[in-house]
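Undergrad: Take this structure first; my questions come after.
The values are calculated or read from the model by the stated rules, or taken from the named source; none is laboratory data. Here the structure is a predicted model, which means the values were calculated and not measured. Virtual Cβ from ideal backbone geometry, glycine too; neighbours counted across all protein chains shown. What goes into the accessible areas is simple: the full protein's heavy atoms, side chains included, and nothing from ligands, DNA or RNA. Shrake-Rupley method; radii C 1.70, N 1.55, O 1.52, S 1.80 Å.
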Amino acid sequence: GSGKSRAGSYRERNWSVSQLFQSPAISYVYERGWRQGFEWAGFPGKDEEFRIMQRLYEDTRVAPRSSSESVLDVSCGTGLFSRKFLRSGMFQSVVASDYSQNMLDQAFEFLNEREDTKFSMETSLTLVRADVGGLPFQSK
């Protein structure tokens, strides 16, 4: 070459957060240690976080309770809260979505192997790979 620089011909890619959470290693360690770091950072812990969500859900309800309610767990990761939604009995349908296929694979594995995931057979679960910026769901 002539030594001249061509703008735009080389672009260094930075490791983004979305790429980080697509890693099989992160999917594996997320509930096996990573998530516990949230409590060290001041989060109240998964059980209290879920109770907060339940109160928020009830406090912001705009329609009477229905036996066919659904919940969308956006950026569900390994399905930690999706499993809590399933066990709560609050919803007939749980849709768990994440951008990372590895996270969804881990969620599926946890749902199939853990004893703490027992839930009513009337509750349906759908795992969806989706970008939160372009979710494939219509508003009601």
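Undergrad: Determine the order of VAL132, VAL95, VAL29 by accessible area, beginning with the largest, at a probe radius of 1.4 Å.
TA: VAL132, VAL29, VAL95
Undergrad: Oh, and also: Rank by packing, highest mean first: peptides 53-63, 102-112, with packing defined as the count of other Cβ atoms within 10 Å averaged across residues.
TA: 102-112, 53-63
Undergrad: Once amide H atoms are built 1.01 Å from N in the peptide plane, which residues 5 or more positions from THR78, or in another chain, come under 5 Å H to H?
TA: Answer set, sorted by chain and number: none.
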